[in-house]
1. Can you work out which of the residues in the stretch 8-29 that are within 10 Å of T55 (Cβ to Cβ) and in contact (Cβ under 8 Å) with a residue 24 or more places away in the chain is farthest from the chain's Cα centre (by Cα)?
2. Tell me which residues, restricted to the stretch 28-44, are in a loop (DSSP other than H, G, I, E, B) and small (G, A, S).
3. Among (1) under 18 Å from V7 (Cβ atoms); (2) part of a helix (DSSP H, G or I), where does A165 come up short?
4. Quick one: in the stretch 45-65, of everything that is under 20 Å from the mean Cα position of the chain (by Cα) and assigned to a helix (DSSP H, G or I), which residue is surrounded by the most Cβ atoms within 10 Å (Cβ to Cβ)?
5. Take the conditions in contact with a helix residue (DSSP H, G or I) (Cβ under 6 Å, 6 or more places away or on another chain) and farther than 25 Å from S133 by Cα and apply them to D66. Does it pass?
6. Output the residue which, of all residues in the stretch 99-141 that are surrounded by fewer than 20 Cβ atoms within 10 Å (Cβ to Cβ), among the polar types (S, T, N, Q) and not in a helix (DSSP H, G or I), is nearest to the chain's Cα centre (by Cα).
7. Go through the stretch 220-259 and report how many residues are over 14 Å from P184 (Cβ atoms) and either in contact (Cβ under 8 Å) with a residue 60 or more places away in the chain or touching a Phe, Trp or Tyr at 6+ places or on another chain (Cβ under 7 Å) (or both).
Amino acid sequence: MDWKDKVVIVTGGARGIGAALVDLIVEEGGRAVVVSDRDAGAAQAVADIHGKASTKVVAMPADIADAAAVADLAHYAERTFGQVDIVCSNAGLMTDGGVEVTDEAWGLTWNVNVMAHVRIARAVMPGMIARGSGHFVNVASAAGVLTAPGAAAYTATKHAAVGLAEWMAITYGDQGIGVSVVCPGAVRTDMLAASLEVGNEGVRRVAESSVVMTPVDVARAIIDGVKADAFLITPHADTIKNTQRKWSDVDRWIRGMRSFLRVAA
């Protein structure tokens, strides 16, 4: 799907990949972008940058962990611009730690990393089906096809996000709805910085042993992937190769990851 003249919602749009996406959608000639983030001031700041652009960029604060707020976001976009053509469900949460992490933290991670995709689809999908056109971009992670050492809840929920996107692509593809799932590796964002700051050694080792991309790099991959109607968007060149290596011999891959982490320690 081309971005030109499209109405787009970008969640988590105040910074990082989301903010970079807003910039590029404006460059692509989108008709309107609704920048959503729970940080209302930061979302408005992104919108203000594009105040003189031909693309209409507006801020709509929303906590994507709140079902009512997600529904309000979708309805606002449809009331204001008539329809929603593309949803970039980008907001996510990194929860460091393993099974010892509290049920509350696991629940919040599930709510943000999986249910936010479900809720925005639930709100926007009926209009897309009625028009026979639309595209969802669900931002997951390379952890959704591999793993994120030191982050069990993040890994599990990103796997679920990939599975959800696969289901959506199969279920709605014949109704004119495109679906892309984005699986970047290490990206220079506040999320990565926060994990490094709390001492997540697994994440540190991954970041040190791979290319750390910029948010603009990932956003460009998303723009190009949607244009190509690609399902799986992997900005890091080694993600597919590592995933293929994993599934060719999962036991060997698990042994290799154990060794990788022992070296990191």
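Since every read-out is calculated from the coordinates, none of them should be taken as a lab result. Note that the structure is predicted; figures quoted are calculated from it, not measured. Every residue, glycine as well, gets a Cβ built from its backbone with ideal geometry; the counts of neighbours run over all protein chains shown.
1. If we filter the stretch 8-29 for residues that are within 10 Å of T55 (Cβ to Cβ), which is where we start, we get 8, 22, 25-29.
From what is left, the residues that are in contact (Cβ under 8 Å) with a residue 24 or more places away in the chain are 8, 22, 25-26, 28-29.
Details: V8: 14, V22: 13, I25: 16, V26: 19, E28: 19, G29: 22 Å.
For the stretch 8-29, the residue satisfying everything is G29.
2. First, the residues of the stretch 28-44 that are in a loop (DSSP other than H, G, I, E, B): 28-31, 37-39.
Those that are in a loop (DSSP other than H, G, I, E, B) and small (G, A, S): G29, G30.
3. Of (1) under 18 Å from V7 (Cβ atoms); (2) part of a helix (DSSP H, G or I), only one is false for A165: (1).
4. Only one residue fits best here, namely V46.
5. Numbers: in contact with a helix residue (DSSP H, G or I) (Cβ under 6 Å, 6 or more places away or on another chain): no; farther than 25 Å from S133 by Cα: yes.
No; evaluated as a whole, the condition is false for this residue.
6. S133
7. 7
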